[in-house]
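Structure, as structure tokens:
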Amino acid sequence: MAMTLHLDVVSAERELFSGTVSAVFAPARMGDVGIYPRHTPLVTTLRPGELKIEAEGKEDQYLYVSGGILEVQPHVVTVLSDTAIRAEDLDEAKALEAKQRAEDALRDQKGDLDAAKAQAELVRAAEQLRMIERMRKMRK
Amino acid sequence: MAGEKEIRTQIASIKNTQKITKAMEMVAASKMRKAQDRMRATRPYSQKMLNVIGHLANANVEYHHPFLIEHAEVKRVGFIIVSTDRGLCGGLNINTFKAALKAMQDWQQQGAEIDLCLIGAKGTAFFKRFSGNIISQVSHLGDTVHIGELIGTIKAMLDAYTEGTIDRLFLVENEFVNTMTQRPKVSTLLPLVPEDNEELKHYWDYIYEPDAKGVLDELLRRYVESIVYQSVVENVACEMAARMIAMKSASDNAGELISDLQLAYNKARQAAITQEISEIGGGAAAV
């Protein structure tokens, strides 16, 4: 019997993959890694990139991960995938944004709901644009 | 007794209101189902993450992450309070705020100051008037919340803990018990206490890439974020359930009002007819 390992790919929002596979290829922080059954225990962070899943008698599957954590045990591999694009400076900017919002909310005693909503939508749109931009760069 | 016409217009207006509340009830019901599915979908992640953390905690790492260190003296505590963006959902938010205020009072009596992180527009509107210091805020997340929208808000609090500005971090959220019951809950986010789980006691000698510190940093940060994210998703389900119930009782009340008014209307109409007949009869007799 061919050796297999169990792979779980989960993100904070949902389960992406769960099943028996023969090998996984992941974009680890220090370079891409290929994991076959009975790999030595390993914990590493992931770069944004493609996760390739090979299963016996099936076509290869590709999953895009925008970062996360990979845990390897001899027969169980867990990928905790990020759904959001993470980067230290981006996180920092978001934290500042949240603080700014708190100040705005305090100053604006009326609580202008529409303006706040419009702004929230604007922020979301900008976020998506940024993500698309990054994905496009990565493709090249 | 009010005239026929007035009663008729009143009935019509209540019927309109009832239509709206009925529609809102049905919308909330279908959204609730979706929100519950999403709530369930978030569970595997934190489950897996707990496993990994459990493995790492047992794999004796020399490095102690700031999130795991308990501050002996408590001078300032942080609260993350999850609320809804919109109203018309019964006592859901008020119950949460009451639970939060009670916990805050307990800490204030011990001489601790309060920092707040507010998720949801209702919480912001409520705690603006409160003396607590609002550190960060996020609202208008919609029904489908993405974790990316919460990262900044949570990071502000986590950084405060790492820097030692706050000594405890609590999460005030709603627990979805079932459609009828949502219970406010206050739980400790930081310091993190790793659970003792016999199943996870198996010792793995891990290789860390790039190093144990980097991995733990990312892992713990994501873990806290995922807990908050889960509570926000759960809160959406709670909101929809509470709104469904509130709208259902509003529709029922409208129905009762309508039947009362209908009765009054019929009485008024009959009284008018009787009066008319007797007037005609009286007139005929006089001729």
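Here are the numbers for this structure:
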| quantity | calculated |
| --- | --- |
| Pair list, Cβ under 7 Å, 6 or more apart: the stretch B:200-228 residue closer than 11 Å to B:Val52 by Cβ, other residue at pLDDT below 85 and part of a loop (DSSP other than H, G, I, E, B) | B:Trp204/B:Ala59; B:Tyr206/B:Ala59; B:Leu216/B:Val61; B:Leu216/B:Tyr63; B:Leu216/B:His65; B:Leu220/B:His65; B:Leu220/B:Leu192 |
| Counted residues, the stretch A:67-100 - those being at pLDDT 85 or above and either within 10 Å of the chain's Cα centre (by Cα) or more than 7 Å from every other protein chain (Cβ to nearest Cβ) (or both) | 11 |
| Yes/no for B:Leu101 being within 18 Å of B:Pro184 (Cβ to Cβ) and touching a Ser or Thr at 6+ places or on another chain (Cβ under 7 Å) | no |
| Complete set of residues in the stretch B:115-154 that are among the hydrophobic types (A, V, I, L, M, F, W, C), more than 9 Å from chain A (Cβ to nearest Cβ) and farther than 18 Å from A:Ala95 by Cα | B:Phe126, B:Phe127, B:Phe130 |
| Total residues in the stretch B:13-53, condition under 13 Å from A:Leu80 (Cβ atoms), of a type outside the set (Gly, Ala, Ser), assigned to a helix (DSSP H, G or I) and facing chain A (nearest Cβ under 9 Å) | 7 |
| Helices (runs of 4 or more DSSP H) contained in the stretch B:77-174 and holding at least 2 residues touching a strand residue (DSSP E or B) at 6+ places or on another chain (Cβ under 7 Å), at pLDDT 90 or above and surrounded by fewer than 21 Cβ atoms within 10 Å (Cβ to Cβ) | B:92-109 |
| Complete set of residues in the stretch B:215-237 that are more than 14 Å from chain A (Cβ to nearest Cβ) and in contact with a Lys or Arg (Cβ under 9 Å, 6 or more places away or on another chain) | B:Ala237 |
| Condition met for B:Phe170 (within 17 Å of B:Val74 (Cβ to Cβ) and of a type outside the set (A, V, I, L, M)) | yes |
| Tally of residues being within 11 Å of B:Phe170 (Cβ to Cβ) and over 10 Å from the mean Cα position of the chain (by Cα) across the stretch B:78-111 | 9 |
| Residue check for B:Met39: under 21 Å from the mean Cα position of the chain (by Cα) and within 28 Å of A:Thr44 (Cα to Cα) | yes |
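The values are calculated or read from the model by the stated rules, or taken from the named source; none is laboratory data. On a predicted model such as this, the values are computed, not experimentally measured, just so you know. Methodologically, a virtual Cβ is constructed for each residue, glycine included, from the backbone with ideal geometry; neighbour enumeration extends over all protein chains shown.
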